[in-house]
Structure formats: C-alpha cells, structure tokens
Amino acid sequence: MKLNPPNIDPEFIPKHIALVMDGNGRWAQERGLKRTEGHKRGEAVLLDVVDACIAMGVPYLSAYAFSTENWRRSADEVRFLMGFNRDVLARQRQELHEKGVRVKWAGRRPRLWRSVIRELEAAEELTKDNTTMTLVMCVNYGGRAELVDATRRLAEDVKSGKLAPGAITEKTLGSYLYDPEMPDVDLFLRPSGEKRTSNFLPWQSVYAEMVYQDKLFPDFTPQDLFDAVEEYARRDRRFGGVKK
Ligand code: FPP
C-alpha cells in the first residue's frame, strides 16, 4: 500500500503510541457476522498500522490484543482469541522481522495459553536485534496486574536485602514493569467511539495525549493514524509546567 504520511516536524512525532484495537466485535455484529470475523479483519489493520508507524518514524507501538479482563468474555470467544493471537504471531513474525520490527510481549504469564507464550517468545527471539521500530504485543495485559506483578518482584528484592525501601524511586518501580525500556506513551489512541482507557498502560500514560476516533478497528486506515498524529502534533503539552 502506498502511504502518504503527513509532513510533521520529527520533534512532534510521538515516540510511543498506545493503540486499543477496539470495535471488532461490533463491526462484525453490524454486518450480521460472528464477532470473531471482526477480529480476523483486525489482523491486516494492525499490520497496516505498523507500516504507517514506520513511514512516520514512530519508534514504539503498543497494541492491546487481550486484556486480563477479557477472560470474562464467552468461552468460545476467549478460545478464539487465544488461538488467533498465537496464529497472528506465527503468520506475521517473518514479515515483521523483514521490516526490521522488534516484537516484544507485555503481559501476565499465568493463565495465558502455553502455545501463545511460545509464539510470543519465538517472535521476541527472532526479532530481538531489529531497530526500525518496536511493536509491543500486550497479551494478557492489565495495567493494574502489571503494577501488582512489579510490586511483588520489588517486595522480594526488599525482603532479600537487595533494595532499601527508602531508595525506591519512580525509576526503580519503572524498572520492574514488563518492558522496562518502554518509553512513556505520547499518544493514546482508541478508535471505536469508546472513550476510556480500559486498564491499558496506566503507569506509562500519565501524560499521554488521548485521541478517540469513531471508526471501528476493522475500518481503521493508515490515514486515520496520520490524522491522529496530526492532532497530537497540534496539542500543547505542558507536563505540569507552564508554556515557554
Ligand atoms: C479493550 O477493550 C480492548 C482490547 C483489550 C482489545 C482486544 C483486541 C482484540 C480482541 C483483537 C486482537 C486483534 C489482533 C489483530 C491481535 P475491552 O473491550 O477489553 O474493554 P471495555 O470493556 O472497557 O471496552
């Protein structure tokens, strides 16, 4: 696909986009299809979003693929989504590798299907030296779960004497998160019309610019991403300070 990214000063390109791939189920239901058909459409859309990020020079993209709360969906849908995540990784890992994408996984291990973990780890291993951009697949990810998991590991280090409670800083806690290298989220993007964050990257998004769009994810295009980045570039970010 020929992409025409907007001409934006690199200073105003987000370094990390958090993407909630939402609206697949509704897209399918509106067409009288099974919800899973919407998820299937999402696969190509995610790949287009990766291409659009590369075209704009966005170095980090986190995609919300399955949340710690998504286990509440029907057993059929959960089973589909587990198999789907596994197969998307198996199908796309070589192409992502050829594009120079480094794939990482952020999420909780318990409960996640072993075959999904295997594919996530295979993709991580294959792409670990790539530098064009990083795609974080957030699978069995929850923001609160991430903070609980980090706190547990941090408490172990305090207990064993490796860490003094008084020495704990924001940076220390950040280093216990699933991906300690993950930069703060600059642009938090949710298509689908819903205006909420749904437990996605709360620690990393405290100063993110929120952009909500009305498109359902299967209809989402690179142009929608370009529009979101243009809107982001126009925002006035102050980080608690005052405008210079
Ligand atoms: C959060 O909304 C949305 C997600 C966790 C995205 C789920 C994404 C998929 C199922 C598709 C995966 C697609 C690919 C290509 C791997 P929510 O519905 O969990 O939260 P809410 O109930 O607050 O809306």
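For the condition within 16 Å of the ligand (Cβ to nearest atom) and hydroxyl-bearing (Ser, Thr, Tyr), what is the one hit in Ser205, Ser175, Ser160? From the options Ser205, Ser175, Ser160, the qualifying one is Ser205. Residues that are open to solvent by 50 Å² or more (accessible area, probe 1.4 Å) and either under 28 Å from Leu147 (Cα atoms) or outside any helix (DSSP H, G or I) (or both) were ranked within the range 208-220; the one that is nearest to the ligand (Cβ to nearest atom) is Tyr212. Within the range 143-171, being within 27 Å of Ala63 (Cβ to Cβ) and hydroxyl-bearing (Ser, Thr, Tyr) holds for one residue alone: Thr151. Restricting the first member to the range 125-145 and to residues that are within 16 Å of Val185 (Cα to Cα) and at pLDDT 95 or above, and the second to residues that are more than 16 Å from the ligand (Cβ to nearest atom) and outside any loop (DSSP other than H, G, I, E, B), the beta-carbon pairs closer than 6 Å and six or more apart or on different chains are Met133/Ile54; Thr134/Tyr60; Thr134/Arg102.
Using the structure shown, decide if Ile168 is β-branched (Val, Ile, Thr) and closer than 18 Å to Leu81 by Cβ. Taking the combined requirement at face value, the residue does not satisfy it. Evaluating Met182 against the criteria (1) within 15 Å of the ligand (Cβ to nearest atom); (2) in contact (Cβ under 8 Å) with a residue 60 or more places away in the chain leaves one unmet condition, (1). Tallying residues that are touching a Ser or Thr at 6+ places or on another chain (Cβ under 9 Å), buried (at least 19 other Cβ atoms within 10 Å of the Cβ) and not β-branched (Val, Ile, Thr) within the range 83-105 yields 6.
State all residues of the range 106-148 that are assigned to a helix (DSSP H, G or I), open to solvent by 30 Å² or more (accessible area, probe 1.4 Å) and charged (D, E, K, R); if no residue qualifies, say none.
Let us first name the residues in the range 106-148 that are assigned to a helix (DSSP H, G or I), namely 114-127, 143-148.
When the remaining residues are screened for being open to solvent by 30 Å² or more (accessible area, probe 1.4 Å), the result is 114, 118-119, 121-122, 124-126, 144, 147-148.
Within the range 106-148, Arg114, Arg118, Glu119, Glu121, Glu124, Glu125, Arg144 qualify.
Scanning the range 5-27 for residues that are in contact (Cβ under 8 Å) with a residue 40 or more places away in the chain and more than 21 Å from Gly142 (Cβ to Cβ) returns Pro5, Pro6, Ile8, Asp9, Pro10, Phe12, Ile13, Pro14, Lys15, Arg26, Trp27.
On inspection, Thr172 passes the criterion of being of a type in the set (S, T, N, Q) and part of a helix (DSSP H, G or I). As a summary of the residue check, Gly107 satisfies the conditions (1) at negative phi; (2) within 12 Å of the ligand (Cβ to nearest atom) except for the one numbered (1). Number of residues in the range 51-76 that are away from the ligand (no atom under 11 Å from the Cβ), open to solvent by less than 40 Å² (accessible area, probe 1.4 Å) and assigned to a helix (DSSP H, G or I): the value is 3. Output the residue which, of all residues in the range 1-22 that are more than 9 Å from the ligand (Cβ to nearest atom) and touching an Asp or Glu at 6+ places or on another chain (Cβ under 8 Å), is farthest from Gln204 (Cα to Cα). Filtering first and then ranking leaves Met1. Among residues that are open to solvent by 10 Å² or more (accessible area, probe 1.4 Å), small (Gly, Ala, Ser) and either in a helix (DSSP H, G or I) or without any contact (Cβ under 8 Å) to a residue 60 or more places away in the chain (or both), Gly42 is not included. With the condition kept exactly as written, say whether any residue in the range 222-243 is within 16 Å of the ligand (Cβ to nearest atom), more than 27 Å from Arg41 (Cβ to Cβ) and touching a residue at least 40 places away in the same chain (Cβ under 8 Å). Checked the range 222-243: no residue is within 16 Å of the ligand (Cβ to nearest atom), more than 27 Å from Arg41 (Cβ to Cβ) and touching a residue at least 40 places away in the same chain (Cβ under 8 Å).
The values are calculated or read from the model by the stated rules, or taken from the named source; none is laboratory data. This one's a predicted model, so the numbers in the text were calculated from it and none came from an experiment. Heads up, the Cβs are rebuilt from the backbone with ideal geometry, glycines too, and the neighbour counts pull from every protein chain shown. Quick note on the areas: whole protein, heavy atoms, side chains included, nothing else; ligands and nucleic acids left out. Shrake-Rupley method; radii C 1.70, N 1.55, O 1.52, S 1.80 Å.
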